[in-house]
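The structure under discussion appears below in the form of C-alpha cells.
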Amino acid sequence: MVLHGPNLSRLGRREPGIYGSKSLADVDAALVALGLSLGVEVTTSQSNHEGVLLDALLRADDDGCCGVLLNAGALAHTSLALADGVRAMAPLPVIEVHLTNTAARDAARQVALVGAACRARVEGFGVESYLLGLRGLLAVLDAQR
C-alpha cells in the first residue's frame, strides 16, 4: 500500500522547482510498474485529510497489505496521530518517503514525528524516493520470512 498525504495531488504543478515535474499519476504508474516487475501488487491512494490517511493505515493489514510506503507530506512533521498509527501497525513495516531532503529544508520540516515511528526513511531523490522505498520495503519483508 502506498499512501500519499496532503498536497501531493498537486505534484507536477506545485512548486516544480522543489518537487519536480512528475504528476502523482506518474508516480503511481511507476510504482505499479515496478511492483509488477518485482511480483507484487501495489495499491495507491491520496488524501489531504489526516483522519483518512490514518484510517487507511490502520486497515492496511485487514486489507491484505504486507507493508506500507507513506508520504505524509507536511503531516510527517506534525502528526502524533499518524506516528502512533504507524506504531500501532507493528510488526507491519511502514517506510516513510519524501521527495525532498527534509533535513536540508526549513526547521519545521526537520522534525520527523512520523519518520521516527517508521521502520526506515527514504528522502531527497525526487520520485525515485518512492521506487527506492518500495525496493527497501520488499527487502524488509524478505528478511522477515
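Among the residues of the range 57-66, which ones are at negative phi and either buried (at least 21 other Cβ atoms within 10 Å of the Cβ) or not in a helix (DSSP H, G or I) (or both)?
Correct list: Leu57, Arg59, Ala60, Asp61, Asp62, Asp63, Cys65, Cys66.
Can we say Val40 is of a type in the set (Val, Ile, Thr) and either over 18 Å from Leu137 (Cβ atoms) or assigned to a loop (DSSP other than H, G, I, E, B) (or both)?
yes
State the number of residues belonging to the range 93-118 that are crowded, with 18+ Cβ neighbours inside 10 Å and either of a type in the set (Asp, Glu) or assigned to a loop (DSSP other than H, G, I, E, B) (or both).
5
With the structure loaded, tell me whether Gln110 is within 29 Å of Pro16 (Cα to Cα), of a type in the set (S, T, N, Q) and in contact with a His (Cβ under 7 Å, 6 or more places away or on another chain) or whether it fails that test.
For Gln110, the condition - within 29 Å of Pro16 (Cα to Cα), of a type in the set (S, T, N, Q) and in contact with a His (Cβ under 7 Å, 6 or more places away or on another chain) - is not met.
Kindly indicate whether Ser47 is of a type in the set (S, T, N, Q) and surrounded by fewer than 20 Cβ atoms within 10 Å (Cβ to Cβ).
Spelling it out, Ser47 is indeed of a type in the set (S, T, N, Q) and surrounded by fewer than 20 Cβ atoms within 10 Å (Cβ to Cβ).
Restricted to the range 1-40, and to residues that are surrounded by 12 or more Cβ atoms within 10 Å (Cβ to Cβ) and polar (S, T, N, Q), which residue is farthest from Val52 (Cα to Cα)?
Out of the qualifying residues, it is Ser21.
Among the residues of the range 68-78, which ones are modelled with pLDDT under 95 and in a loop (DSSP other than H, G, I, E, B)?
Thr78 - this is the single residue of the range 68-78 that is modelled with pLDDT under 95 and in a loop (DSSP other than H, G, I, E, B).
Evaluate the following for Leu82: is it hydrophobic (A, V, I, L, M, F, W, C), under 22 Å from Gly35 (Cβ atoms) and modelled with pLDDT of 95 or more?
No, not satisfied.
Do you know which of the residues in the range 73-87 that are in contact (Cβ under 8 Å) with a residue 40 or more places away in the chain and in contact with an Asp or Glu (Cβ under 7 Å, 6 or more places away or on another chain) is farthest from Phe125 (Cα to Cα)?
Taking the candidates together, the pick is Leu75.
Take the residues of the range 3-29 that are more than 17 Å from Val42 (Cα to Cα) and not in a loop (DSSP other than H, G, I, E, B): which is farthest from the chain's Cα centre (by Cα)?
Here the answer is Gly17.
The values are calculated or read from the model by the stated rules, or taken from the named source; none is laboratory data. Worth saying up front: this structure is predicted, and the values here are computed from it rather than measured. When we count neighbours, we look across all protein chains shown, and the Cβ atoms used for this are built from the backbone with ideal geometry, even at glycine.
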